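These notes are about the structure you will find just below.
The values are calculated or read from the model by the stated rules, or taken from the named source; none is laboratory data. For clarity, every value in this text was computed on a predicted model and none was experimentally measured. Glycine also receives a Cβ, built like all others from the backbone with ideal geometry; neighbour counts cover every protein chain displayed.
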């Protein structure tokens, strides 16, 4: 039998194979977009926490003292890529003269139903006034 063209069964099988390939590519693309969104969120979180440490360092060097006692254990909220995030501040004095201390910021948020967090720590010295 000498046929020209394809039968309906051959066309259906080709469409089925093609759609399976397209679904696989779509799932991989969707997964990579979710990973990219998480990386972007984490990058912003790292930037925010680093800025908090630098702001504390700036405060200490300008004011030449530790922050007020109510700022030593604080909890606050902020928006992280449009999502609510909570961060904690902990300041611990590491010397008897209260001139060397550690500031730690801990940021927590939820991404795709999973709890995520990032912590930044800085060690600062209160400059002596002359």
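Check region 72-95 and report whether any residue there is touching a helix residue (DSSP H, G or I) at 6+ places or on another chain (Cβ under 6 Å) and either exposed (fewer than 12 other Cβ atoms within 10 Å of the Cβ) or not in a strand (DSSP E or B) (or both). Yes - at least one qualifying residue is present in region 72-95.
For (1) loosely packed, with under 10 Cβ neighbours inside 10 Å; (2) free of Cβ contacts under 8 Å to residues at least 40 places away in the same chain; (3) in a helix (DSSP H, G or I), each residue gets a yes or a no:
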residue: 4; (1), (2), (3): yes, yes, no
residue: 14; (1), (2), (3): no, yes, yes
residue: 28; (1), (2), (3): no, yes, yes
residue: 31; (1), (2), (3): no, yes, yes
residue: 37; (1), (2), (3): no, no, yes
residue: 40; (1), (2), (3): no, no, yes
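Hey, could you check region 109-130 for residues that are over 19 Å from residue 54 (Cβ atoms) and in a loop (DSSP other than H, G, I, E, B) and say which is modelled with the lowest pLDDT?
Step one: list which residues in region 109-130 are over 19 Å from residue 54 (Cβ atoms), which gives 109-117, 128-130.
If we keep only those that are in a loop (DSSP other than H, G, I, E, B) as well, we get 112-113, 128-130.
On the way: 112: 85, 113: 89, 128: 78, 129: 71, 130: 63.
Filtering first and then ranking leaves 130.
Taking the condition of being in a helix (DSSP H, G or I) and either at positive phi or free of Cβ contacts under 8 Å to residues at least 12 places away in the same chain (or both), how many residues in region 55-70 meet it?
Residues meeting the conditions: 7.
Residue 44: surrounded by 10 or more Cβ atoms within 10 Å (Cβ to Cβ) and more than 30 Å from residue 128 (Cα to Cα), yes or no?
The answer is yes for residue 44.
Considering region 96-108, and only residues there that are part of a strand (DSSP E or B) and out of contact with any helix residue (DSSP H, G or I) (no Cβ under 6 Å at 6 or more places or on another chain), the residue that is surrounded by the most Cβ atoms within 10 Å (Cβ to Cβ) turns out to be 101.
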